[in-house]
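Heads up, the thing below is written out as structure tokens.
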Amino acid sequence: VKFKISEIPRISARKVGVQLPDGLKRYAVEIAQKLEKNGHEVLISGESCFGACDIDLNLLQDVDVLLHFGHTKVVELDRVIYIPVFVDYNPEIDLDIPEKKISLIATAQYCHKLPEVKRYLEGKGYLVELKKGSSRVQMKGQVLGCNYTALRDSQSEAILFIGDGLFHARGAAMYTGKKVYAFDPIAGKLEEVDVSGFLKERYFQISRCIDKKCVGIIVSYKPGQKRFSLARKLRDEAIRMKINACIICVDDLTPEKLYNLPFDFYVNTACPRITYDDFRNFRKPVLSPTEFKILLESESEIFIDEIE
Ligand code: SF4
């Protein structure tokens, strides 16, 4: 995969922090050397970095400016500069699907070419919708694992997701209820997304919590994931339904952190990917906020968990 790291902006700050997601950490030395040549002292974050919601706030205290690579802004933070990284790919996608009205979406690394993809597909006779979502996303068509607002009020018959993996494509299918095609431009592979197995699994996880009487509601300190008011509402609703509920605060949510806690199950208000992708790593069931509401009977169907 060819990454194109955007220009590092000229900054006057002396002490510069560098934060990279795991997939880009191998560029740390190259980036540090560039910055040092310009007279900066560089401190590199060794912490996790799952998204732009995951800013190294400790490092931020020790530097004048923090450069956060690989993601676009999801929350406004003073002294943090976001430097997106793009994957180079051919926007001429040979699509052969029956639907003619389609919405285009992608993850941040693939969004820069969506206008070109749109033009190409329109030249092939498709009607293409490409819209920007809420302020949590920065580019047209951009989706996050926790935000599909680029598809709000979509008039299309189907969605075309460009990127790697099926997580976001599945989220888009849940969000819209429409047919979603996932195209990986590096592998050159097009797949139709099926959410039936995912839904079955989620209802199974809800069923594991029936008659359980003690729930831990998890909140993360990460600036773009912190949903205290939602956690408080869920706790109060649980208590009204005679379920013991406490709020648990963590930075990274890992299974080990929950080992010694005495709860029967958990509700995760931190990154939704943990609930959907990592739930098997946890000994006790982990539900999304909506799934918990289904358990409490205040909601009747599963919606994808979104952070606006
Ligand atoms: S909360 Fe999760 S899905 Fe949303 S931006 Fe952060 S890492 Fe990505």
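The values are calculated or read from the model by the stated rules, or taken from the named source; none is laboratory data. Keep in mind the model is a prediction, meaning the values are calculated, not measured. Every residue, glycine among them, receives a Cβ derived from its backbone with ideal geometry; neighbour counts consider all protein chains shown.
Miscellaneous remarks
Rundown of residues vs (1) crowded, with 19+ Cβ neighbours inside 10 Å; (2) within 16 Å of the ligand (Cβ to nearest atom), yes/no style:
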| site | (1), (2) |
| --- | --- |
| A187 | no, no |
| I217 | yes, no |
| A231 | yes, yes |
| L234 | yes, no |
| D252 | no, yes |
| A270 | yes, yes |
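- The residue that is nearest to the chain's Cα centre (by Cα), among those in the stretch 256-285 that are in a loop (DSSP other than H, G, I, E, B) and of a type in the set (D, E), is D278.
- Residue match in the stretch 139-156 (condition: away from the ligand (no atom under 13 Å from the Cβ), without any contact (Cβ under 8 Å) to a residue 60 or more places away in the chain and farther than 27 Å from T290 by Cα): yes
- Qualifying residues in the stretch 63-78 (those that are touching a residue at least 40 places away in the same chain (Cβ under 8 Å) and over 23 Å from G23 (Cα atoms)) - the one nearest to the ligand (Cβ to nearest atom): L77
- Which listed residue, of L234, L230, L253, is of a type in the set (A, V, I, L, M) and in a loop (DSSP other than H, G, I, E, B): L253
- Any chance I97 is crowded, with 17+ Cβ neighbours inside 10 Å and of a type outside the set (K, R): no
- Boolean, R136 is modelled with pLDDT of 95 or more, away from the ligand (no atom under 16 Å from the Cβ) and within 13 Å of E306 (Cβ to Cβ): no
- Pairs with Cβ under 8 Å, 6+ apart, first in the stretch 268-280 and modelled with pLDDT of 95 or more, second of a type in the set (A, V, I, L, M) and near the ligand (Cβ under 10 Å from one of its atoms): N268/I274; P272/I307
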